[in-house]
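Single-structure report; data block below.
The values are calculated or read from the model by the stated rules, or taken from the named source; none is laboratory data. Since we're looking at a predicted model, the values are computed, not measured. Here the Cβ positions follow ideal geometry from the backbone for every residue, glycine too, while neighbour counts run over all protein chains shown.
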Amino acid sequence: MNWIILCVAGLFEAAFAFCLGKAKTSAGSEMYGWYLGFVITLGISMGLLIKATQTLPIGSAYAVWTGIGAAGTVLIGILVFKEPATLLRIFFLTTLISSIIGLKLVSQ
């Protein structure tokens, strides 16, 4: 169950990066709304990370959390913010995801 909580925490990490990206392109009250979203998703992500690390090894949990957040952020960048999806970016994204899965498998 804590691995699921950790994965959700990683998704919220990508969500707070998304909020930062949207705030960068916004102005006025819309910008403050995105910053509020950032603070909320950051709090949720950290809270879930704390919960997950009560039973999971901290080294593996933190690496998986940041890896999911990083991979999610790259995908958001490509799909939402129209960042380039070059062959090398996709290759390294694939190796990152493979590493996250590997860490989970060896951290039983």
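Condition test on residue 20, is it part of a helix (DSSP H, G or I), modelled with pLDDT of 95 or more and within 16 Å of residue 77 (Cβ to Cβ)? Spell out the reasoning first.
Working: part of a helix (DSSP H, G or I): yes; modelled with pLDDT of 95 or more: yes; within 16 Å of residue 77 (Cβ to Cβ): yes.
For residue 20, the condition - part of a helix (DSSP H, G or I), modelled with pLDDT of 95 or more and within 16 Å of residue 77 (Cβ to Cβ) - is met.
Can you go through 8, 39 and tell me which one is in contact (Cβ under 8 Å) with a residue 40 or more places away in the chain, β-branched (Val, Ile, Thr) and over 14 Å from residue 76 (Cβ atoms)? Give the derivation first.
Values: 39 fails: in contact (Cβ under 8 Å) with a residue 40 or more places away in the chain.
Exactly one residue qualifies, and that residue is 8.
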Subset of the range 54-94 (residues that are crowded, with 19+ Cβ neighbours inside 10 Å and free of Cβ contacts under 8 Å to residues at least 24 places away in the same chain) | 74
Would you call residue 32 surrounded by 15 or more Cβ atoms within 10 Å (Cβ to Cβ) and either outside any helix (DSSP H, G or I) or without any contact (Cβ under 8 Å) to a residue 40 or more places away in the chain (or both)?
-> no
Hits in the range 39-60 - residues which are among the polar types (S, T, N, Q) and closer than 13 Å to residue 8 by Cβ = 41, 45
